[in-house]
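Q: Take a look at this one; I'll ask things after.
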Ligand SMILES: Nc1nc2c(c(=O)[nH]1)N[C@H]1C(S)=C(S)[C@@H](COP(=O)(O)OP(=O)(O)OC[C@H]3O[C@@H](n4cnc5c(=O)[nH]c(N)nc54)[C@H](O)[C@@H]3O)O[C@H]1N2
Ligand SMILES: Nc1nc2c(c(=O)[nH]1)N[C@H]1C(S)=C(S)[C@@H](COP(=O)(O)OP(=O)(O)OC[C@H]3O[C@@H](n4cnc5c(=O)[nH]c(N)nc54)[C@H](O)[C@@H]3O)O[C@H]1N2
Ligand SMILES: [Mo]
């Protein structure tokens with residue numbers, strides 16, 4: 001060994017955090033060393049995507065302006081997405097952008113500015129890009145058209161308050177993993193509880209406890225039933241049973257279970273009488289008095305493609321057991337996604353389990369690390385957003401509809417409103433060309449804008465569509481505070497490396513833009529980034545003191561220590577436990593104060609796609625002769641959404657540079673597809689390539705291509721556009737879940753698949769564009 005190697009100073013490992021967990025890292029100028037937090041029993045391998053991210057060529061080094069925008073000025077432009085960009089220095093780009101923002105506000109008002117900017121951003125509380133852009137638009141221009149709800153739970157968020165209570169309480173402050181480990185006899189997991197999903201949480205957690213809790217429960221004898229088109233939506237270690245119904249038929253399966261309980265007279269009628277409202281309406285539907293069809297096991301067997309006897313046996317096996325029903329977010333991310341969310345609550349009520357330790361209904365338990373945990377006694381600090389003078393909003397996944405149909409009406413949760421006419425959109429911290437459906441339509445939608453601005457650190461397809469691209473730092477290039485409502489460790493997220501190229505923090509970008517709009521003070525309140533960290537910390541520290549907790553150290557002490565463990569609230573079972581023990585004293589926040597097995601409010605909306613009780617509603621888009629397979633486009637194992645798709649762990653798990661698509665060996669054989677072949681998935685919207693992986697863990701009429709591969713479109717004679725990399729959103733349909741929620745329905749589509757024998761087009765998604 002060279003003496004210089006042994007004596008070279010090793011850079012210090014410093015604490016940091018990401019949505020996939022707390023870690024420490026050190027950067028020596030060429031390589032990043034990353035280590036998960038020592039208290040993490042089950043670290044998330046996604047952490048390895050950071051290793052080669054810092055100086056990857058796909059980083060954006062300097063501000064960029066689209067050629068067409070520079071030459072012709074603001075205005076609708078079909079070149080967006082295929083145009084070249086030119087470099088511009090910071091001073092000039094910020095001045096031009098400030099005058100465009102002023103022009104927009106003065107000529108069209110803030111109602112013409114879309115600032116929804118949906119996306120996961122990074123984990124820190126202060127540099128959270130979405131919060132930054134919202135605060136900027138509010139404090140400098142007076143507001144913006146916002147979006148409500150999430151791609152995660154677009155149907156569940158508006159539905160649950162009508163039925164049982166706010167999502168936060170049904171998902172997050174309900175049955176804990178501790179209760180599951182100790183009390184549950186049977187977990188009926190609709191959509192599974194995949195560890196790849198539950199090891200992710202916005203803001204990050206320092207301990208991934210899901211695997212341990214499920215193992216402990218299984219060891220005690222708890223029975224896990226994975227109801228999903230994919231076998232591995234529950235971990236192999238717990239020996240789960242697998243029931244694989246046809247996608248989007250879960251409501252029928254749940255109805256049949258309740259029907260069987262009715263037949264056997266094993267319904268918990270006392271529970272229903274005391275705690276529920278609307279049984280008669282629901283029963284009329286269940287028994288077929290209202291529509292002539294009894295929702296029997298035989299009926300469901302035909303719809304779900306699950307043997308009748310299996311459903312009957314399943315129903316009978318639940319009686320007298322501590323049953324926990326979970327419904328993953330994915331089930332509601334498709335047409336009529338409201339129905340399984342509602343029916344899950346009805347099933348748990350029919351079993352009389354709501355509010356019992358380890359029992360009842362925990363919507364979305366197992367889909368994100370925030371669920372199933374105790375909540376902190378410390379309120380999470382976050383950047384104040386200022387106030388928004390614009391009242392107009394859209395449900396988040398109606399973005400393309402809004403841009404393509406200004407002024408036209410849309411329905412949402414009992415209201416009818418016109419789509420605002422948007423001329424300028426500002427995005428920071430999201431990637432619509434990852435999250436949205438029917439990407440060709442989305443591309444057309446962005447072409448209608450006068451100006452599209454994107455703050456990004458890497459050349460995503462969204463950045464490539466922008467007129468102005470402002471390069472931002474990665475989280476590793478700045479100081480921040482890591483804190484979530486459910487993990488007791490607050491982390492001093494320290495800067496690990498210098499900013500790349502000329503990239504700047506979103507905060508600095510917005511501060512300098514605010515300056516040019518004459519509003520610097522309003523945006524910054526006179527604080528620099530460091531002073532904001534101290535301010536946010538101090539705010540929370542005082543809150544803790546007020547709550548009668550032990551005094552926490554000062555910001556400087558906390559920063560020097562690198563982390564702080566804070567107290568958590570007791571596991572009290574939340575809203576549903578309180579309701580169970582005293583239904584009159586602590587009623588549910590629903591119209592009747594009880595669980596709504598049917599809802600006169602929802603019935604009064606008159607929506608055919610969301611009636612007044614949970615129902616099995618066949619989708620508009622079921623498989624056809626042309627598109628005979630269901631596509632499950634779920635969350636990726638190897639990354640969070642599209643973030644760091646170019647990173648090590650993600651890249652190692654591609655083949656020939658393509659995303660991997662799983663299909664059943666029989667489905668493959670019928671198409672002469674072998675392991676590792678490049679295949680093409682297509683439907684009426686477009687096509688994409690992927691590498692075929694044959695697996696018996698997939699239903700025969702289902703293929704699975706996760707999201708996350710960066711959109712890499714090429715013109716295609718037959719299909720219009722083909723994504724050569726494997727982004728499934730080229731073939732997902734841009735539909736709302738229903739008139740009630742208008743949520744994203746991107747989880748499921750229908751496609752045909754075949755072997756791709758043409759010469760393989762190169763991947764260009766990670767090459768910087770022509771400059
Ligand atoms: N077909 C299909 N589509 C889906 C889903 C599905 O199941 N099927 N799931 C949906 C779901 S649940 C979700 S939540 C969405 C996720 O969609 P997104 O949240 O939009 O996806 P991300 O890849 O996390 O995008 C975050 C972007 O922010 C950028 N970023 C990170 N930190 C910063 C920062 O500090 N500053 C700035 N300016 N930028 C930053 C990253 O580089 C990245 O491009 O996808 C949805 N799309
Ligand atoms: N590694 C990783 N983890 C993540 C994310 C990520 O991008 N990467 N994203 C995070 C985010 S933002 C969210 S919102 C959550 C999302 O959590 P989910 O939406 O629950 O996650 P998915 O993986 O999309 O779907 C879970 C499973 O549901 C099954 N499924 C799909 N359709 C049906 C159906 O009709 N019926 C039944 N019974 N099952 C069905 C699929 O087999 C799929 O694997 O995950 C979070 N966790
Ligand atoms: Mo999500």
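The values are calculated or read from the model by the stated rules, or taken from the named source; none is laboratory data. Note that the structure is predicted; figures quoted are calculated from it, not measured. No Cβ is skipped: glycine too gets one built from the backbone with ideal geometry, and neighbour counts run over all protein chains shown.
Q: Go through 638, 590, 624 for me and flag whichever is away from ligand 1 (no atom under 16 Å from the Cβ) and within 30 Å of residue 706 (Cβ to Cβ).
A: After ruling out the rest, the residue left standing is 624.
Condition check ((1) touching a strand residue (DSSP E or B) at 6+ places or on another chain (Cβ under 6 Å); (2) touching a residue at least 60 places away in the same chain (Cβ under 8 Å)) across all residues:
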{"residue": "160", "(1), (2)": "no, yes"}
{"residue": "165", "(1), (2)": "no, yes"}
{"residue": "169", "(1), (2)": "no, yes"}
{"residue": "184", "(1), (2)": "yes, yes"}
{"residue": "197", "(1), (2)": "no, yes"}
{"residue": "215", "(1), (2)": "no, no"}
{"residue": "222", "(1), (2)": "no, no"}
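Q: Still on this structure: Restricting the search to the stretch 12-29, which residues are without any contact (Cβ under 8 Å) to a residue 24 or more places away in the chain and either buried (at least 20 other Cβ atoms within 10 Å of the Cβ) or touching a helix residue (DSSP H, G or I) at 6+ places or on another chain (Cβ under 8 Å) (or both)?
A: Once the filter is applied, which keeps residues that are without any contact (Cβ under 8 Å) to a residue 24 or more places away in the chain and either buried (at least 20 other Cβ atoms within 10 Å of the Cβ) or touching a helix residue (DSSP H, G or I) at 6+ places or on another chain (Cβ under 8 Å) (or both), the stretch 12-29 yields only 24.
Q: Would you check which residues across the stretch 294-331 are in contact with a strand residue (DSSP E or B) (Cβ under 9 Å, 6 or more places away or on another chain), crowded, with 18+ Cβ neighbours inside 10 Å and within 18 Å of residue 346 (Cα to Cα) and list them?
A: Hits for the stretch 294-331 are 311, 314, 318, 322, 323, 324, 325, 326, 327, 328, 331.
Q: Could I ask something else about it? Just checking, does the stretch 265-281 include any residue being at pLDDT 95 or above, in a helix (DSSP H, G or I) and within 21 Å of residue 248 (Cβ to Cβ)?
A: no
Q: Kindly provide the set of residues from the stretch 121-131 that are over 19 Å from the mean Cα position of the chain (by Cα) and near ligand 1 (Cβ under 8 Å from one of its atoms), ordered by number.
A: Scanning the stretch 121-131 gives a single hit, 127.
Q: For residue 613, only one of the following conditions fails: (1) under 27 Å from the mean Cα position of the chain (by Cα); (2) buried (at least 19 other Cβ atoms within 10 Å of the Cβ); (3) within 26 Å of residue 178 (Cα to Cα). What is its number?
A: (3)
Q: So, one more: Report, by residue number, each residue of the stretch 142-157 that is buried (at least 24 other Cβ atoms within 10 Å of the Cβ) and either more than 16 Å from ligand 2 (Cβ to nearest atom) or on the phi > 0 side of the Ramachandran plot (or both).
A: Answer for the stretch 142-157, where residues must be buried (at least 24 other Cβ atoms within 10 Å of the Cβ) and either more than 16 Å from ligand 2 (Cβ to nearest atom) or on the phi > 0 side of the Ramachandran plot (or both): 144, 145, 149.
Q: Here is a follow-up. Looking at the stretch 240-264, which of the residues that are in a loop (DSSP other than H, G, I, E, B) and buried (at least 23 other Cβ atoms within 10 Å of the Cβ) is farthest from the chain's Cα centre (by Cα)?
A: Only one residue fits best here, namely 240.
Q: Return the total of residues in the stretch 435-457 being over 19 Å from residue 82 (Cβ atoms) and either assigned to a strand (DSSP E or B) or within 16 Å of ligand 2 (Cβ to nearest atom) (or both).
A: Going through the stretch 435-457 one residue at a time, the tally reaches 3.
Yes or no, residue by residue, for (1) within 23 Å of the chain's Cα centre (by Cα); (2) over 26 Å from residue 646 (Cα atoms); (3) away from ligand 2 (no atom under 16 Å from the Cβ); (4) assigned by TED's automatic domain parsing to the domain that holds residue 245:
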{"residue": "662", "(1), (2), (3), (4)": "yes, no, no, no"}
{"residue": "667", "(1), (2), (3), (4)": "no, yes, no, no"}
{"residue": "678", "(1), (2), (3), (4)": "no, no, yes, no"}
{"residue": "683", "(1), (2), (3), (4)": "no, yes, yes, no"}
{"residue": "688", "(1), (2), (3), (4)": "yes, no, yes, no"}
{"residue": "699", "(1), (2), (3), (4)": "no, yes, no, no"}
{"residue": "706", "(1), (2), (3), (4)": "yes, no, no, no"}
{"residue": "726", "(1), (2), (3), (4)": "yes, no, no, no"}
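Q: Here's another thing I want to ask about it. If you go through the stretch 709-746, how many residues are touching a residue at least 60 places away in the same chain (Cβ under 8 Å), more than 30 Å from residue 161 (Cα to Cα) and surrounded by fewer than 24 Cβ atoms within 10 Å (Cβ to Cβ)?
A: 2
For (1) within 16 Å of ligand 3 (Cβ to nearest atom); (2) assigned to a loop (DSSP other than H, G, I, E, B); (3) modelled with pLDDT of 95 or more; (4) over 29 Å from residue 594 (Cβ atoms), each residue gets a yes or a no:
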residue	(1), (2), (3), (4)
326	no, no, yes, no
331	yes, no, yes, no
334	yes, yes, yes, no
340	no, no, yes, no
345	no, no, yes, no
358	no, yes, yes, no
364	yes, yes, yes, no
371	yes, yes, yes, no
387	no, yes, yes, yes
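Q: Could we say that residue 148 is in contact with a strand residue (DSSP E or B) (Cβ under 7 Å, 6 or more places away or on another chain), farther than 30 Å from residue 530 by Cβ and within 16 Å of ligand 3 (Cβ to nearest atom) here?
A: For residue 148, the condition - in contact with a strand residue (DSSP E or B) (Cβ under 7 Å, 6 or more places away or on another chain), farther than 30 Å from residue 530 by Cβ and within 16 Å of ligand 3 (Cβ to nearest atom) - is met.
Q: Would you tally the residues in the stretch 365-416 being surrounded by fewer than 16 Cβ atoms within 10 Å (Cβ to Cβ) and under 17 Å from the mean Cα position of the chain (by Cα)?
A: The qualifying residues number 0.
Q: Right, here's the next one. Whether any residue in the stretch 166-185 is within 16 Å of ligand 1 (Cβ to nearest atom) and part of a loop (DSSP other than H, G, I, E, B) is what I want to check.
A: no
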